[in-house]
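Accompanying notes for the structure given below.
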Protein chains: 2
Amino acid sequence: MDRSDQFTVGIDFGTLSGRAVVVRVSDGAEVGSAVHDYAHAVLDTRLPVGAVTLPPDWALQVPRDYLDVVAHAVPEAVRRAGIDPSQVIGLGTDFTACTVLPVLADGTPLCELPEYAERPHAYVKLWKHHAAQAQADRINELAHGRGESWIARYGGLISSEWEFAKGLQLLEEDPELYGRADLFVEAADWIVWQLTGRYVRNACTAGYKGIYQDGRYPDRDFLSALNPGFAAFAEDKLAADIGQLGDAAGGLTEEMAALTGLPVGTAVAVGNVDAHVTAPAARATEPGQMVAIMGTSTCHVMSHDVLVEVPGMCGVVDGGIVAGSWGYEAGQSGVGDIFGWFTRTSVPAAYAEAAEAAGVSVHEHLTGLAAQQAVGEHGLVALDWHSGNRSVLVDHELSGAVIGLTLTTRPEDVYRALLESTAFGTRVIVETFRASGVPVEEFVVAGGLAQNALLMQIYADVTRLPLSLIDSEQGPALGSAIHAAVAAGVYPDVPTAAKSMGKVRKGVFVPDEGRAQAYDELFEQYVALHDHFGRATTTMRRLKAIRRAAVANREGT
Amino acid sequence: MDRSDQFTVGIDFGTLSGRAVVVRVSDGAEVGSAVHDYAHAVLDTRLPVGAVTLPPDWALQVPRDYLDVVAHAVPEAVRRAGIDPSQVIGLGTDFTACTVLPVLADGTPLCELPEYAERPHAYVKLWKHHAAQAQADRINELAHGRGESWIARYGGLISSEWEFAKGLQLLEEDPELYGRADLFVEAADWIVWQLTGRYVRNACTAGYKGIYQDGRYPDRDFLSALNPGFAAFAEDKLAADIGQLGDAAGGLTEEMAALTGLPVGTAVAVGNVDAHVTAPAARATEPGQMVAIMGTSTCHVMSHDVLVEVPGMCGVVDGGIVAGSWGYEAGQSGVGDIFGWFTRTSVPAAYAEAAEAAGVSVHEHLTGLAAQQAVGEHGLVALDWHSGNRSVLVDHELSGAVIGLTLTTRPEDVYRALLESTAFGTRVIVETFRASGVPVEEFVVAGGLAQNALLMQIYADVTRLPLSLIDSEQGPALGSAIHAAVAAGVYPDVPTAAKSMGKVRKGVFVPDEGRAQAYDELFEQYVALHDHFGRATTTMRRLKAIRRAAVANREGT
């Protein structure tokens, strides 16, 4: 059978739905797709049964919803593609992360046991479950106190979103359930386990979310110092065979073949993470190619031949993006959500009315007005820290700022300054990588914000990098389909598969030297503010402390 | 005749209209008032005749409009008071300043000469005429370069609004008219000249706007270094008899008596400035009583026994508020206009709709929401420099800032932070006066912002000063009526008259120690930002320079 008659299916498990895409292995053509919404979406106030209400910052999911995606979206996508199911030779998946669940030794989620259906800790903890901050704080304090070598691989900060914080929360808040859980599994791996009947831990989440470095997890001493009951967490609940990205975890089981309509034994790739799997989809797996998945926040991923500890990165993992290379990840905590917040809270009625009259969104209206300005004309510089700063300062006590306001400042001025501030934040990351010896030569954008041409041009001008855009609206699913093609043996490795199947438009935006020079001046001011508020002073940290004290005081009265 | 049968008339010449108020001399009762709008309002785009258009930043007026106020508002106010015109024993006036006009030796404005009717420089230059900045810059540079002693009396900065800058602009842009002008007269004195037939220069504007210090103007050497043709400006065009505040300039002329219906020879007080004349109206002429006239901007006036040079004040003038005391003036360039700007540009439709549904203004709606918060709960601190900073930094290249923004920041949070920032700005002024040896013990508020109870309470809490409110909605006119009573000989001096005629509600807002302590923490952060942006760095100055270059560049292309 010719490659042009062969197809793989990529399934992207997002926050609210899963998307299956059928992709031709010869050229990456996306020939059919289907989306299936999670019936329970995100549980953030109550469980599906009973009267239990969830505290603030909780975010849970129901694992059965993931299987419903497999059952509905996959056959529908194949049907829409107009191909015969027998032409599908591989299946790949990617997931939000760190999204984890406690299961029995056979993979049964604890929440599916009737006796635990009303126990919040029995459910999937979604990536944005933020109720384990106290545990994360203790992990970080202890790691720095003991000088653990692995902490530097995470820019000095283990997130409350990750496996150890969520696992420790489980132990401390529901010890009975913790004891009952044989394993604490990434959903990315659980779904592959369901498809193949084999539990393989993917190298990506093991490294980025599970603190698996140099073949080891944090040791018993460390874990028992956190909590004596936690001593065996890594060896008992986490440890499993590690699968490299692009490897086959196994073949489709009979049950899953029946569910999807695909052939029994179809190759299934090891699990992956939505951001990281996007790199091959954008044909950007070489050193120097920084891929930015730009949405409400931005995730930067990039491969490099050697290990370097870059200040403030989210993580560096052996084989974390492509097997055989070191995968680097960095991030900006807030990007699109800052623009969304501004549009929602800070734009007067006249703008909303003008946008409506023109048949565009308020974002588009503001962008159109902002685009008419010369660089620096608004006289503003902003700090893009409304959700804190991940890279390179790793400080979530930081906050946003706008400097340069006058009585003639208009909404489009502040909007443009906010767009620029995120570009400056990216430039700080790029320059930090370079200064650490990790070159960045191309900036490849995926995600919803790639639609905003003004924003893209600003990024090109500010970073002086050529901007390429992924040429797919289904980047993660395409990336999963690429991994599936490698798992099926069509290509020898992911970079080779990406060359045929990945899709990118090169150099769509190139820096303009005149504007770049004008931005240099603004960037100099941004860096001055960045270092002042991020390093030299405690102003923002004090403001958060004052705020917390005020709220606590008020609730106490 | 008993004092309770005697009345004076105060006339307050504002920016768009003049207001006459009839006041009983025994107790300050305001028994009748009338307002008359200036027919020509402010000329900022064209002259009343011809096709001449005015450049940006120009603001002119027509002197005949002032006489129309005398002709219409005065008799109408007397009629409404229900008194006999013969019961009026004195007339006092106050004016915006520095508002100046070129006249012939007999007081005829040049703009009333038919041959000059189409010459912009022939008209009154209103206080907010800002087209003489280039001249002001040269005055300041030269004064500092030569080490002129008088520059310290003005916090180091002569404003573009004042007499020397406007006079130099007249010379350099229309030298023929400059030559034709026998005198360059404050409107405050011109109106008194019209009423009495005598030109007396009031000590207040001579000092604050005319650089008249220690009995001298800037000398010929200084003036000819600015421009050889300007050497005799002070001695030829400005110099005149100085009248102390409360003195009688003369009696009403026959012509003016006919125009107003008042008795010939009625005592007319020397001219005054609207802000300064408010101090006696609020019964606040003693050392330690700081009067703040709070509107779009805030003007602070306070008397003290001795001369001290307070860093960043607007001016200190012998007899500038009350004859025999040193009058101190300080200012905040933007206050109410910052709140107005925010309300106009940064509040979404839902707030405007909620305000409308509740039948309140957007200001009132935001204030109501902001008032529900504990101190510090919003997590923000702002800098109130949207119009630059007059006191104590004297730097109009500074700009506004908001620090501490998050994705949960709401419009009422920023609004409250802006209210607080102006209170912090006031506290810096109060503390600077104290540190210079000029005590401040009471804060007396006049002006429109006194209506906002939340704002007033914030000022009391932030400054830890008791707040008194003037008990008149016509403060300047009442102050002028008080000066008229002194000019008429009813009272020996202005402070004595103020005790009987001034009206104040004492201690309406008192500091709450708990909130004051909470504000101390926020103020500490404000001061850190104030000193960082105002003193340590050039960030804001650079932003303005970048902005100007961007605009210039753009206009050039």
Among the residues listed as B:Met313, B:Met290, the single one being modelled with pLDDT of 95 or more, touching an Asp or Glu at 6+ places or on another chain (Cβ under 8 Å) and either assigned to a helix (DSSP H, G or I) or over 30 Å from B:Gly197 (Cα atoms) (or both): B:Met290
Which of the residues spanning region A:352-367 are in a helix (DSSP H, G or I) and more than 9 Å from every other protein chain (Cβ to nearest Cβ)? A:Ala354, A:Ala355, A:Glu356, A:Ala357, A:Ala358, A:Val362, A:His363, A:Glu364, A:His365, A:Leu366, A:Thr367
Which of (1) more than 22 Å from the chain's Cα centre (by Cα); (2) in a helix (DSSP H, G or I); (3) in contact (Cβ under 8 Å) with a residue 24 or more places away in the chain is the odd one out, the single condition A:Thr496 does not satisfy? (3)
Does region B:49-72 contain any residue that is over 18 Å from B:Tyr123 (Cβ atoms), open to solvent by 10 Å² or more (accessible area, probe 1.4 Å) and not charged (D, E, K, R)? yes
State all residues of region A:81-106 that are open to solvent by 10 Å² or more (accessible area, probe 1.4 Å) and more than 21 Å from A:Gln61 (Cβ to Cβ); if no residue qualifies, say none. A:Ala81, A:Gly82, A:Ile83, A:Asp84, A:Pro85, A:Ser86, A:Gln87, A:Ile89, A:Ala105
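Does at least one position in region B:7-29 carry a residue that is under 23 Å from B:Ala257 (Cα atoms), among the hydroxyl-bearing types (Ser, Thr, Tyr) and open to solvent by less than 50 Å² (accessible area, probe 1.4 Å)? Before you say what the answer is, go through the steps one by one.
Applying the first criterion (under 23 Å from B:Ala257 (Cα atoms)) to region B:7-29 yields B:7-14, B:17-25.
Filter once more, so that each one left must be among the hydroxyl-bearing types (Ser, Thr, Tyr): B:8, B:17.
Checking the rest, the ones that are also open to solvent by less than 50 Å² (accessible area, probe 1.4 Å) come to B:8, B:17.
Yes: region B:7-29 contains one or more residues that are under 23 Å from B:Ala257 (Cα atoms), among the hydroxyl-bearing types (Ser, Thr, Tyr) and open to solvent by less than 50 Å² (accessible area, probe 1.4 Å).
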Identity of the residue in region B:168-210, in a loop (DSSP other than H, G, I, E, B) and more than 13 Å from B:Val103 (Cβ to Cβ), that ends up nearest to the chain's Cα centre (by Cα): B:Lys209
Looking at region B:240-266 only, could you name the residues that are in a loop (DSSP other than H, G, I, E, B), more than 23 Å from the chain's Cα centre (by Cα) and of a type outside the set (A, V, I, L, M)? B:Asp241, B:Thr253, B:Gly261, B:Pro263, B:Gly265, B:Thr266
Look through region B:481-504, keep the residues that are buried (at least 18 other Cβ atoms within 10 Å of the Cβ), out of contact with any Leu (no Cβ under 8 Å at 6 or more places or on another chain) and among the β-branched types (Val, Ile, Thr), and return whichever of them is nearest to the other protein chains (Cβ to nearest Cβ). B:Ile482
Kindly list, by first and then second residue, each pair from a residue in region A:448-465 that is in contact (Cβ under 8 Å) with a residue 24 or more places away in the chain to a residue that is in a loop (DSSP other than H, G, I, E, B) and among the hydroxyl-bearing types (Ser, Thr, Tyr), limited to pairs with Cβ atoms under 9 Å and residues at least 6 apart or on different chains. A:Gly448/A:Thr296
Conditions (1) outside any helix (DSSP H, G or I); (2) of a type outside the set (Phe, Trp, Tyr); (3) surrounded by fewer than 24 Cβ atoms within 10 Å (Cβ to Cβ): number failed by B:Lys237: (1)
Please specify each residue of region A:398-408 satisfying the condition of being touching a residue at least 24 places away in the same chain (Cβ under 8 Å) and at the interface with chain B (Cβ under 7 Å from one of its Cβ atoms). A:Ser399, A:Gly400, A:Ala401, A:Ile403, A:Gly404, A:Leu405, A:Thr406
For region A:371-397, name all the residues that are surrounded by 24 or more Cβ atoms within 10 Å (Cβ to Cβ), farther than 19 Å from A:Glu524 by Cβ and more than 8 Å from chain B (Cβ to nearest Cβ). A:Arg390, A:Ser391
Of everything in region B:505-535, what is within 11 Å of chain A (Cβ to nearest Cβ), open to solvent by 80 Å² or more (accessible area, probe 1.4 Å) and either over 27 Å from B:Leu469 (Cβ atoms) or touching a strand residue (DSSP E or B) at 6+ places or on another chain (Cβ under 6 Å) (or both)? Give them in sequence order. B:Glu524
Residue within region B:460-476 that is modelled with pLDDT of 95 or more, away from chain A (no Cβ under 14 Å), in a helix (DSSP H, G or I) and closer than 19 Å to B:Val25 by Cβ present: yes
For region B:544-552, state whether one or more residues are surrounded by 23 or more Cβ atoms within 10 Å (Cβ to Cβ), within 14 Å of chain A (Cβ to nearest Cβ) and either under 26 Å from the mean Cα position of the chain (by Cα) or of a type in the set (Val, Ile, Thr) (or both). yes
Please state which one of B:Leu177, B:Leu183, B:Leu171 is under 29 Å from B:Glu397 (Cα atoms) and modelled with pLDDT of 95 or more. B:Leu171
Have a look at A:Ser391, A:Ser333, A:Ser399 and point out the one that is of a type outside the set (D, E, K, R) and farther than 27 Å from B:Thr538 by Cα. A:Ser333
May I ask you to say which residue of A:Glu118, A:Glu172, A:Glu112 is of a type in the set (Asp, Glu), touching a residue at least 24 places away in the same chain (Cβ under 8 Å), surrounded by fewer than 19 Cβ atoms within 10 Å (Cβ to Cβ) and more than 30 Å from A:Ser17 (Cβ to Cβ)? A:Glu172
On the given criteria, is A:Gly320 surrounded by 22 or more Cβ atoms within 10 Å (Cβ to Cβ), of a type outside the set (D, E, K, R) and closer than 17 Å to A:Tyr208 by Cβ? yes
Give the residue, chosen from B:Val310, B:Val264, B:Val306, that is touching a Phe, Trp or Tyr at 6+ places or on another chain (Cβ under 8 Å), over 25 Å from B:Leu126 (Cβ atoms) and open to solvent by 10 Å² or more (accessible area, probe 1.4 Å). B:Val306
State the number of residues belonging to region B:326-349 that are out of contact with any helix residue (DSSP H, G or I) (no Cβ under 9 Å at 6 or more places or on another chain) and either more than 9 Å from chain A (Cβ to nearest Cβ) or among the polar types (S, T, N, Q) (or both). 2
Considering region A:427-467 alone, what residues qualify as being among the hydroxyl-bearing types (Ser, Thr, Tyr) and closer than 22 Å to A:Asp305 by Cα? A:Thr432, A:Ser436
I'd like to know if region A:32-43 contains one or more residues that are modelled with pLDDT under 95, open to solvent by 60 Å² or more (accessible area, probe 1.4 Å) and not in a strand (DSSP E or B). no
Does any residue of region B:122-129 turn out to be in a loop (DSSP other than H, G, I, E, B), modelled with pLDDT under 95 and either of a type in the set (A, V, I, L, M) or farther than 19 Å from B:Phe164 by Cβ (or both)? no
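Results for (1) within 15 Å of A:Leu262 (Cβ to Cβ); (2) more than 23 Å from the chain's Cα centre (by Cα), shown as yes or no for each residue.
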site	(1), (2)
A:Gly50	no, yes
A:Ala59	no, no
A:Leu67	yes, no
A:Val78	yes, yes
A:Pro85	yes, yes
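The values are calculated or read from the model by the stated rules, or taken from the named source; none is laboratory data. Owing to the predicted nature of the structure, the values given are computational and were not obtained by experimental measurement. With ideal geometry, Cβ positions are generated from the backbone for all residues, glycine too; neighbour counts draw on all protein chains shown. We work out accessible area using only protein heavy atoms, side chains counted, and drop any ligands, DNA or RNA first. Shrake-Rupley method; radii C 1.70, N 1.55, O 1.52, S 1.80 Å.
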